[in-house]
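First the structure, in the form of structure tokens, and then the observations on it.
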Amino acid sequence: MRIVPVAYDHPDAVKLTDQVQLEYAERYGDGDLTPMDPAQFDPPRGLYLIAYEDDGTPVATGGWRSQEANDEGYADGDAELKRMYVVRRARGRGLARRILAALEEDATAAGRLRMVLETGTMQPEAIALYGSSGYAPVPAERKFGLYRYHEGSRCFTKRLG
């Protein structure tokens, strides 16, 4: 297993993004409509990672992008976690936790102050991962992101550094 940085629009990243969008549609009825610009994941203002099996098969992904204070509730110095995903056959092996740790380390080195993320109630395994990794839930009135006003949206933060 190897975890490597790639561009957000790398063919393997696109393949995994398409798969996670299908999973979102299964769980929520639609994919994630959050606008995403591949350049937002370019270092040093972001990073996108893919985990590959030894045979070169991409099986997990995740990234972070810089956020500053804006009308979607983000704060200066935020690193927003996006597109954390592990293909079904590779789950339960700690890949998401490894990618999350690498993303936190990189965001810290880039001077980001906190990691923020938005997930939903139909992703209990994601909520469990973030809770066990030191992320704190955000009160409803302080949520951020495109889905901040949705009942099933859950936001979490973790101080970096």
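If each residue of separation counts as 0.36 nm, what is the full-extension length gain between D37 and A69 once their alpha-carbon separation is subtracted?
Result: 9.7 nm gained on full extension.
With +1 assigned to the C-beta of every Lys and Arg and -1 to the C-beta of every Asp and Glu, and no other charges, what is the dipole magnitude of the stretch 85-161 about the Cα centre in debye, to the nearest 20?
So the dipole magnitude of the stretch 85-161 works out to roughly 200 debye.
Magnitude of the Cβ-charge dipole of the stretch 10-161, K/R +1 and D/E -1, about the Cα centre, nearest 20 debye?
500
Towards the positive end of the charge dipole of the stretch 7-101, with charges on Cβ (+1 Lys, Arg; -1 Asp, Glu), say which of G94, A13, A75 has the farthest Cα.
Of the candidates, G94 comes out farthest on the positive side.
What accessible area, in Å² to the nearest ten, does a 1.4 Å probe give for D76?
Ignoring ligands and nucleic acids, D76 comes out at about 100 Å².
Can you tell me what the convex hull of the Cα atoms of the stretch 53-143 projects to on average, as an area in nm²?
6.7
Any idea what % of Cα-Cα pairs in the stretch 35-98 are farther than 20 Å?
That tail contains 37 percent of the Cα-Cα pairs.
Could you pull the Rg and Dmax for the chain, using just the Cα atoms, both in Å?
So, for the chain, Rg and Dmax equal 14.6, 46 Å respectively.
Tell me the relative contact order for the stretch 1-67 as a rounded percent, counting alpha carbon contacts under 8 Å between residues six or more apart.
Rounded, it is 39 percent for the stretch 1-67.
Would you mind classifying the stretch 1-67 by shape? Square roots of the alpha carbon gyration tensor eigenvalues, ordered a ≥ b ≥ c; an a/c under 1.5 is rounded, otherwise it is prolate if a/b is larger than b/c and oblate if not. Don't skip to the answer; put the middle values down first.
On the way: a/c = 2.34, a/b = 1.10, b/c = 2.12.
Since a/c reaches 1.5 but b/c is at least a/b, the shape of the stretch 1-67 is classed as oblate.
The values are calculated or read from the model by the stated rules, or taken from the named source; none is laboratory data. Everything numeric here is computed off the predicted structure, so don't read it as measured data. Neighbour counts are summed over all protein chains in view; Cβ atoms, including those assigned to glycine, are modelled from backbone coordinates with ideal geometry. All accessible areas refer to the heavy atoms of the entire protein, side chains included, with ligands and DNA or RNA removed. Shrake-Rupley method; radii C 1.70, N 1.55, O 1.52, S 1.80 Å.
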